[in-house]
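Report on the structure given below.
FYI, it's all coordinate maths here, none of it is from the lab. Bear in mind the structure is a predicted one, so any value in this text is a computation, not a measurement. For neighbour counting, all protein chains shown are included, and Cβ atoms are generated from backbone atoms with ideal geometry for every residue, glycine included.
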Amino acid sequence: MPLCETNGKNVSDIKEKPYSYSAFKSWIRIDLEEIIFLPKNEYISTKRCKHIDFMFKWINRVIIIGFNASNFIEEFQIPLNQIVGIKITNKNYLEISLRSNFSKHFYRRIIGDDGKITSSAIHNDPTGGRLKDTTTLVLIPCQKVHPSTLTFINIGIQKFHLNKSSTIRKNATDKYLVELHITFQLLTHSRALLVPSTISLADLFLKIQYRFMIIVESFEYKNIFDDFITVESEEDWKTAKIDRAVVDKMKIIIRISPR
């Protein structure tokens with residue numbers, strides 16, 4: 001059964017099972033509408049979302065691209081240590097550069113009537129050989145994918161593989177700065193984080209994503225009157241940090257609802 005539209009040829013529609021991801025799981029998933037294999041400029045595309053998906057599993061240190069049929073998925077997996085670079089283009093595409101002759105593994109996941117998933121290794125390349133001699137994957141997400149999700153994937157791969165040494169150096173520098181103790185009130189529990197008091201709002205969002213694997217675009221903080229005030233801009237964040245309740249104890253209570 002054909003899995004998608006490839007190289008401009010039309011194929012039949014596929015009834016796919018919905019897949020979702022939670023901010024508190026060990027992976028993140030997005031739907032793709034096209035993959036470009038460089039330098040040969042071959043591609044696989046689909047006219048409908050959920051035919052092709054991309055997963056980043058930080059616990060397993062692997063990225064996965066799967067091609068969905070009605071009751072099975074054929075996929076290839078690439079370990080993070082085979083990635084030499086990642087960036088988001090000005091068109092909001094994910095561009096992943098790979099080692100020469102990078103390692104990859106092929107699998108088929110079968111979805112039973114009871115929803116149980118079984119996985120087994122296969123020998124055939126689900127891309128029809130397009131991975132051979134590929135040095136770069138350009139992933140074009142479906143329009144519904146939020147840009148911040150791409151940012152999350154980008155910084156996640158950099159955190160777990162590409163920027164280990166720079167992260168260590170940054171942590172060594174941060175310990176000499178005045179720190180701000182942040183308590184995060186999530187929907188079901190609280191978490192804590194120490195950050196430099198000079199941290200920008202944008203960097204705070206990235207740090208939250210690094211540490212807790214959740215995407216945050218705004219939050220509320222508790223001021224000196226115990227009111228919760230919304231923070232969604234750098235000016236809001238500067239105001240929060242000079243609130244008397246924060247200045248006195250260098251502590252701030254934040255309430256967030258992950259997207």
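Which whole-Hz ³J(HN,Hα) couplings does segment 209-223 yield from phi under the Karplus relation 6.51 cos²θ - 1.76 cosθ + 1.60, θ = phi - 60°, glycine and proline marked x?
Rounded to whole hertz, the list is 5, 4, 6, 10, 6, 10, 9, 10, 10, 6, 7, 10, 10, 8, 8.
Strictly over 27 Å apart at the Cα level, which of Lys87/Lys144; Lys87/Lys132; Lys50/Lys207; Lys57/Lys222 would you flag in this model?
Lys50/Lys207; Lys57/Lys222, as the Cα separations exceed 27 Å there.
So what are the ³J(HN,Hα) numbers for segment 62-71, from phi and the Karplus equation (6.51, -1.76, 1.60; θ = phi - 60°), rounded to whole Hz, Gly and Pro as x?
8, 10, 9, 10, x, 10, 9, 10, 5, 9
Please give me, ordered by residue number, the trypsin sites (Lys or Arg not before Pro) of segment 56-89 that lie in loop per DSSP and have at most 16 other Cβ atoms within 10 Å.
Within segment 56-89, the qualifying trypsin sites (Lys or Arg not before Pro) (loop, at most 16 other Cβ atoms within 10 Å) are Arg61.
Less than 15 Å Cβ to Cβ from Thr135, Lys/Arg counted +1 and Asp/Glu -1: what total charge do the surrounding residues give?
Overall, the nearby charge balance is +3.
Which of rounded, prolate or oblate describes segment 80-146 when judged by the alpha-carbon gyration tensor and an a/c cut-off of 1.5?
Taking the square roots of the gyration eigenvalues as a ≥ b ≥ c, segment 80-146 is oblate.
Take the alpha-carbon positions of segment 5-162, form their convex hull, and give its projected area averaged over all directions (one quarter of the hull surface) in nm².
Average projection, Cα convex hull of segment 5-162: 9.2 nm².
Net charge within 11 Å of Ile254 by Cβ-Cβ distance, Lys/Arg positive one each and Asp/Glu negative one each, not counting Ile254 itself?
Residues close to Ile254 contribute a combined charge of +3.
Taking the alpha-carbon centroid of each part, what is the distance from segment 194-236 to segment 23-79 in angstrom?
Each part's Cα centre sits 31 Å from the other's.
What residues have an amide H closer than 5 Å to that of Ile86, excluding those fewer than 5 places away on the same chain, when H is modeled at 1.01 Å from N in the peptide plane?
Those qualifying (amide H under 5 Å, at least 5 residues apart or on another chain) are Ser97.
Sorted by average packing, counted as other Cβ atoms within 10 angstrom per residue and highest first, what order do 236-243, 75-82, 119-126 take?
Descending packing order for the listed peptides: 75-82, 236-243, 119-126.
What list of ³J(HN,Hα) values in whole Hz, one per residue of segment 80-88 in order, does the Karplus curve 6.51 cos²θ - 1.76 cosθ + 1.60 (θ = phi - 60°) give from phi, with Gly and Pro shown as x?
4, 6, 9, 8, 10, x, 8, 8, 9
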